[in-house]
Amino acid sequence: MKHEAIAASLNSSGNAPQGGELAEGLTITEHEAEQVERANASSAPPVVFVHGLWLLPSSWDRWVTLFEKAGCVALTPGWPDDPETVSQAREHPEVFAGKGIGEIADYEEAIIRRLKRKPVIIGHSFGGLLTMILAGRGLAAASVAISPAPFRGVLPLPIPALRTASVALRNPANWNRAVPLSYEQFRYSFANVVGEDEAKELYLGYSVPGAGEPLFQAASANLNPWSEAQVNSTNPDRGPMLIVSADSDHTVPWAIANAAYEKQKRNQGVTEIVKMPGRGHSLTIDAGWRDVAEKALEFVGRFTTITARIA
């Protein structure tokens, strides 16, 4: 498991962006605090990577290497109570249960507020939704939302996305449970465009149980005016945003990503969308991850001192 949690000093970040009040008692881990300290000691622009459902922060390890070679300093915060490793996560699935979108977003915000500078924020899947929420709170210098989970106002519900979400939604009791993916479910939801050998490797190397609550929150967002799956897409302090979609994504099909773009482009800041051909929901972790990472790097390089591309 992670190091012992320590209290987060939410307002100690000097030049950190201002925003809404956070829940009391939020804690971050010693490891995350060390990442913040390292970022604040560096002159390099900070980049915060936010993982999604059924993954851990380690899913960003190759991205971290690429972005740090490009001249940034990377942070990979977890969700509250994330285990350190995939094996630990599978041994203790109960730690994922009962985590909602609001709590997770506040946890990420608690970490970002300890930084001395606004970071670039990059997230995948529910991490993409969290990225949009955090950017909407004015916390991002620029952001990249990759295959972002839907938020209130995003109306399309393609059948493949419903099939993926049904892993949790078919049983209301899963709201308060951790829900694992079987290999067959992972193959459909994440690894539908890669070969069988790679799909098995990805499943064994990355897939962990996920909190059921965020899936219920996203599914009911358009029925609940108080849903935690809400994004302030018009905040003038949102910063430049890129949305990345995979053209064969079953979990977040193009219709969902494009609907999010249609909402976000009302912002006065730069808003762009790109569709990655021949890719599924595993686009951040499979053999083609670098193509996606470099697309993100090119975008944020236009608004920061990060080098636009690595040879």
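Using the structure shown, select from K116/K275; K200/K275; K69/K116; K200/K263; K99/K295 the pairs with a Cα to Cα distance greater than 29 angstrom.
On the way: K116/K275 33 Å; K200/K275 25 Å; K69/K116 21 Å; K200/K263 36 Å; K99/K295 31 Å.
Cα-Cα > 29 Å for K116/K275; K200/K263; K99/K295; rest within.
Per 0.36 nm of contour for each residue apart, how much would the distance between H31 and R302 grow if the chain were fully extended, relative to their Cα-Cα spacing?
94.5 nm
Provide the gained length on full extension for the span N258 to A287, in nm with one decimal, where the gain is 0.36 nm per separating residue minus the Cα-Cα distance.
8.0 nm
At 1.4 Å probe size, what's the solvent-accessible area of D291? Round to the nearest 10 Å².
Approximately 90 Å² for this residue.
Using the Cα centre of the chain as origin and beta-carbon charges of +1 (Lys, Arg) and -1 (Asp, Glu), tell me which of G195, I104, A221 is placed farthest towards the positive end of the dipole.
Working it through, the farthest residue towards the positive pole turns out to be A221.
Under a 1.4 angstrom probe, counting protein chains only, how are R177, R117, R238, R187 ranked by accessible area, largest first? Please report the intermediate quantities before stating the final value.
Numbers: R177 110, R117 80, R238 0, R187 55 Å².
Solvent-accessible surface, decreasing: R177, R117, R187, R238.
Using amide H atoms built in the peptide plane, which far-off residues or other-chain residues are under 5 Å from V73 H to H?
Sorted by chain and number, the residues that satisfy this are V47.
With all protein chains present and a 1.4 Å probe, how do E196, E68 order by accessible area, largest first?
E196, E68
Computed on alpha carbon atoms, what radius of gyration and Dmax characterise segment 14-165, expressed in Å?
15.3, 47
Once phi is turned into θ = phi - 60°, what whole-Hz ³J(HN,Hα) does the Karplus curve with 6.51, -1.76 and 1.60 give for every residue of segment 284-293, x standing for Gly and Pro?
These are the phi-based 3J(HN,Hα) values: 8, 10, 7, 4, x, 4, 5, 4, 6, 4 Hz.
What does the charge count around S147 come to, taking other residues whose C-beta lies under 10 Å from its C-beta (Lys +1, Arg +1, Asp -1, Glu -1)? Mind showing how you got there, number by number?
On the way: positive: R279; negative: D249.
Net of charged neighbours comes to 0.
State in Å² the accessible area per residue of segment 180-265; use a 1.4 Å probe, count heavy atoms of protein chains only, and round to the nearest integer. Write out the running numbers ahead of the final one.
Numbers: 3430 Å² over 86 residues.
Normalised by residue count, the accessible surface of segment 180-265 is 40 Å².
Once phi is turned into ³J(HN,Hα) by the Karplus curve 6.51 cos²θ - 1.76 cosθ + 1.60 with θ = phi - 60°, what whole-Hz value does each residue of segment 260-266 show in order, with x for glycine and proline?
Karplus values, whole Hz, x for Gly and Pro: 5, 4, 4, 6, 6, 6, 6.
Around V231, with a cut-off of 10 angstrom between Cβ atoms, what is the net charge of the other residues, counting Lys and Arg +1 and Asp and Glu -1?
+4
Taking H placed 1.01 Å from N in the peptide plane, check which residues at least 5 places from T271 or on another chain put their amide H under 5 Å from its amide H.
Excluding prolines and chain starts, which carry no amide H, the hits are M241.
Considering only the other residues whose Cβ falls under 13 Å of the Cβ of E213, what net charge follows from Lys and Arg at +1 and Asp and Glu at -1?
Around E213, the charge tally is 0.
Give me the percent of accessible area attributable to carbon and sulfur for the chain, probe 1.4 angstrom.
51 percent
Taking H placed 1.01 Å from N in the peptide plane, check which residues at least 5 places from S282 or on another chain put their amide H under 5 Å from its amide H.
N192
Compute the Rg/Rh shape ratio of the chain: radius of gyration over Kirkwood radius, all on alpha-carbon atoms.
For the chain, the value is 0.93.
Compute, for the chain, the length of the dipole vector about the Cα centre, with Cβ point charges of +1 (Lys, Arg) and -1 (Asp, Glu) only. Units Debye, rounded to 20. Display every interim value, and only then the final one.
Values: 28 positive and 34 negative charges, 202 e Å.
Its charge dipole is roughly 960 debye.
The values are calculated or read from the model by the stated rules, or taken from the named source; none is laboratory data. Computed from a prediction, not measured in an experiment: that's the story for all the values here. Virtual Cβ from ideal backbone geometry, glycine too; neighbours counted across all protein chains shown. Ligands, DNA and RNA are excluded from the accessible area calculation, which covers all protein heavy atoms including side chains. Shrake-Rupley method; radii C 1.70, N 1.55, O 1.52, S 1.80 Å.
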